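To keep things clear, I will list the structure first and then write my remarks on it.
The values are calculated or read from the model by the stated rules, or taken from the named source; none is laboratory data. Small disclaimer: the values here were computed from a predicted structure and weren't measured. A quick note on method: Cβ atoms are made from the backbone with ideal geometry, for glycine too, and the neighbour counts reach across all protein chains shown.
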Amino acid sequence: MPSLETLEAAVRASGTQLVTVALRRVEASSSASMLEVLDRCGVRLLPNTAGCRTAREAVLTARLAREAFGTDWVKLEVIGDEHTLLPDAVELLDAAEQLVAEGFTVLPYTTDDPVLGRRLADAGCAAVMPLGSPIGSGLGIRNPHSIALLRDAVAVPVVLDAGIGTASDAALAMELGCDAVLLASAVTRARDPEAMALAMRQAVEGGRLARRAGRIPRRWHAEASTPFQGLPEL
Amino acid sequence: MQVTVNGDPTELADDATVADLVAARSGGHDRVAVALNGDVVPRGSWPATRLSPGDALEVLAPTAGG
């Protein structure tokens, strides 16, 4: 974010209730005033395990975050590849099982694989958070079919996490049946973060409404919306 | 005594505790977490946890990130 003022304006415009934060060595951490801004906005903080590569690191990071933030909620992130930042499914499931056993409310960042999503939900995760495309790529939802299958595979909330580039990506996530979206770069790196945050809010609301309203089936050929009955012979 | 704090060799008083270290290094943060030799030190144990020569500590604070 360009400034704390922009951060506050964007958080308020987005209507978000949950903001992720990370832990870093104190010399490299954000200023304490960033937390003051988030506290003032009334959002709940969700610590993440960003940067962890093994279940051991992620479990220790979650325990440290519980100490620092006084919450047992954790966005569980275990990265398996430095270029794509894709999750390591094996380490992720291992860490999820350990943290659930320790009483954490585990929100795992996962691939869009419906089978892995079901395994995470079966392990006791409170939600599953599939990627639409790689973190920070802005490529949107590359496989909407997988997200829809994942939605049907689990009873817990599904949060589309990573890949959102613009408002229509957020709307599509909600139309596919996701319960929420988690995004950062699409707003923080937008030319006007506050305006993009508002666009995301409206897209999420629109997509959610459309999901509940029920979209019409797709057809190959046209179907006239004006009746042919009573058409004059001219 | 010498310990390692956030990867750097650091000289501390021989009777230093985790609480002393946090007071010196927290940089104005109140949401701080400490790992000592790979284990979490709960906040309530900071004053009673004496450090030993060669200990490896991580003193962590919040930062922005998705």
Problem set entry | B:Ala33 vs. criteria closer than 17 Å to A:Pro47 by Cα and either more than 10 Å from chain A (Cβ to nearest Cβ) or in contact with a strand residue (DSSP E or B) (Cβ under 7 Å, 6 or more places away or on another chain) (or both) | yes
For this session: List every residue pair whose Cβ atoms sit under 8 Å apart, with the two residues 6 or more apart in sequence or on different chains, where the first one lies in the range B:11-38 and is farther than 20 Å from A:Ser29 by Cα and the second, anywhere, is among the basic types (Lys, Arg).
Result: B:Asp15/B:Arg50; B:Ala16/B:Arg50; B:Thr17/B:Arg50
Seminar exercise, completed: Within the range A:34-81, residues more than 13 Å from chain B (Cβ to nearest Cβ), assigned to a helix (DSSP H, G or I) and surrounded by fewer than 21 Cβ atoms within 10 Å (Cβ to Cβ) come out as A:Arg40, A:Cys41
Seminar exercise, completed: Selection from the range A:95-111 of residues of a type in the set (Val, Ile, Thr) and part of a strand (DSSP E or B) yields A:Thr105, A:Val106, A:Thr110
Exercise. From the list A:Asp161, A:Asp122, which one is acidic (Asp, Glu) and touching a strand residue (DSSP E or B) at 6+ places or on another chain (Cβ under 7 Å)?
Worked result: A:Asp161
Exercise. Quick one: would you say A:Leu85 is part of a loop (DSSP other than H, G, I, E, B) and within 13 Å of chain B (Cβ to nearest Cβ)?
Worked result: yes
Exercise. Which of the residues spanning the range B:39-64 are within 7 Å of chain A (Cβ to nearest Cβ) and either of a type in the set (Ser, Thr, Tyr) or on the phi > 0 side of the Ramachandran plot (or both)?
Worked result: B:Thr63
For this session: Determine which member of the set A:Thr84, A:Thr105 is surrounded by fewer than 20 Cβ atoms within 10 Å (Cβ to Cβ), within 18 Å of the chain's Cα centre (by Cα) and modelled with pLDDT under 95.
Result: A:Thr84
Exercise. Within the range A:1-28, restricting attention to residues that are small (Gly, Ala, Ser) and closer than 30 Å to B:Thr4 by Cα, which residue is farthest from the chain's Cα centre (by Cα)?
Worked result: A:Ala28
For this session: Taking the options A:Leu182, A:Leu150, name whichever one is hydrophobic (A, V, I, L, M, F, W, C) and in contact (Cβ under 8 Å) with a residue 40 or more places away in the chain.
Result: A:Leu182
Exercise. Say we look at the range B:21-30 and pick out the residues that are surrounded by fewer than 17 Cβ atoms within 10 Å (Cβ to Cβ) and more than 7 Å from chain A (Cβ to nearest Cβ); which of these is modelled with the lowest pLDDT?
Worked result: B:Asp30
For this session: Report the residue count in the range A:159-213 for those that are among the aliphatic types (A, V, I, L, M), closer than 20 Å to A:Val21 by Cα and part of a loop (DSSP other than H, G, I, E, B).
Result: 5
For this session: Select from the range B:39-58 the residues that are among the aliphatic types (A, V, I, L, M) and either in contact (Cβ under 8 Å) with a residue 60 or more places away in the chain or farther than 24 Å from A:Pro47 by Cβ (or both) and write down the one among them that is surrounded by the most Cβ atoms within 10 Å (Cβ to Cβ).
Result: B:Leu51
For this session: Given the conditions (1) touching an Asp or Glu at 6+ places or on another chain (Cβ under 9 Å); (2) aliphatic (A, V, I, L, M); (3) touching a residue at least 40 places away in the same chain (Cβ under 8 Å), report the number of the one that A:Leu86 does not fulfil.
Result: (1)
For this session: Sort through A:Ala153, A:Ala148, A:Ala199 and tell me the only one that's buried (at least 21 other Cβ atoms within 10 Å of the Cβ) and out of contact with any strand residue (DSSP E or B) (no Cβ under 8 Å at 6 or more places or on another chain).
Result: A:Ala199
For this session: Filter the range A:15-33 down to the residues that are more than 7 Å from chain B (Cβ to nearest Cβ) and closer than 16 Å to A:Trp73 by Cα, then identify the one that is surrounded by the fewest Cβ atoms within 10 Å (Cβ to Cβ).
Result: A:Gln17
